[in-house]
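Visitor: Sharing a structure below in structure tokens format, with a few things to ask.
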Amino acid sequence: LIDGVVAFYVIATVSLLLRWKDRHRGSSTYHGDNGWLLFAGWMAGSAAAVKYPPLVMLVLPIAVWLFAATTSTGGWKLAASLQRTVLFLAMAFAACGGWYAKNGLLTGNPVYPLAYRWFDGATRTDAKDQQWRDAHRDRDAEGRSYTLPQWVRSVERVLYKSEWLSPVLMPLAICGFIASRGRKLRSVGLLIAVYLSLWWL
């Protein structure tokens, strides 16, 4: 149930960012028009409030992309690209900050139960942390993780083998690729590749 909500926020974030990008295509300045960007930050933060991985798989890559794209395109200045990146991150933090603050106050660890070795956590022990890590690690019969066969199985599961996938997913994805313009397709394809890579790792 949670993954469906995260998926909604991820798609909303990407859609809003593309709308923001399209509004300023070919322009050398923004003239302060950042409504779509702020909304995208809120959606990304909402994803990170529902589940921790979007913090690393969505918020961070988009912040890096925003900074890199706006400093290398159309003559936009460094200060302006910093401003846009900070605006995005501020809205993301506004959406998810309460959850992380609550965790920090109650357990001493804002990303409880993750990062136990950095933040500890009021109810965590080494044994509990190891149990959690073992339960969340994909191991093969020999006890190895991150092997090529595991990667192939993961990609197959994400693309077509999982029982949770809708039968209309691939036809709709193909329609989306056909209908998309080249530059938009590259941006979305790059984000998907980063997202899936971070998820698998």
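The values are calculated or read from the model by the stated rules, or taken from the named source; none is laboratory data. What you see is a predicted model; the values in this text were computed from it and never measured. Positions of Cβ are backbone-derived with ideal geometry, glycine not excepted, and every protein chain shown enters the neighbour counts. Please note that ligands, DNA and RNA were not included when accessible areas were found on the heavy atoms of the full protein model with its side chains. Shrake-Rupley method; radii C 1.70, N 1.55, O 1.52, S 1.80 Å.
Visitor: Please give the helices (runs of 4 or more DSSP H) falling wholly within segment 87-201 in which 2 or more residues are aromatic (Phe, Trp, Tyr) and closer than 29 Å to Leu66 by Cα.
Guide: 182-200
Visitor: A further question on this structure: Of the conditions (1) at pLDDT 85 or above; (2) surrounded by 10 or more Cβ atoms within 10 Å (Cβ to Cβ); (3) among the β-branched types (Val, Ile, Thr); (4) out of contact with any helix residue (DSSP H, G or I) (no Cβ under 8 Å at 6 or more places or on another chain), Val168 fails just one. Which one is it?
Guide: Status for Val168: all satisfied but (2).
Visitor: May I ask you to list pairs of residues, at least six apart or on different chains, whose Cβ atoms are under 8 Å apart, with the first in segment 185-201 being in contact (Cβ under 8 Å) with a residue 12 or more places away in the chain and the second being of a type in the set (S, T, N, Q) and in a helix (DSSP H, G or I)?
Guide: From segment 185-201, the pairs are Trp200/Ser154.
Visitor: Can you name every residue in segment 62-72 that is open to solvent by less than 60 Å² (accessible area, probe 1.4 Å) and modelled with pLDDT under 90?
Guide: The answer is Leu66, Ala68, Ala69, Thr70, Thr71.
Okay, residues lined up against (1) at pLDDT below 80; (2) open to solvent by less than 70 Å² (accessible area, probe 1.4 Å):
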{"site": "Phe119", "(1), (2)": "no, no"}
{"site": "Arg124", "(1), (2)": "no, yes"}
{"site": "Trp132", "(1), (2)": "no, no"}
{"site": "Arg137", "(1), (2)": "yes, no"}
{"site": "Lys161", "(1), (2)": "no, no"}
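Visitor: Against the conditions (1) touching a helix residue (DSSP H, G or I) at 6+ places or on another chain (Cβ under 6 Å); (2) of a type outside the set (Lys, Arg); (3) closer than 22 Å to Lys21 by Cβ, where does Trp99 fall short? Just the number, please.
Guide: (3)
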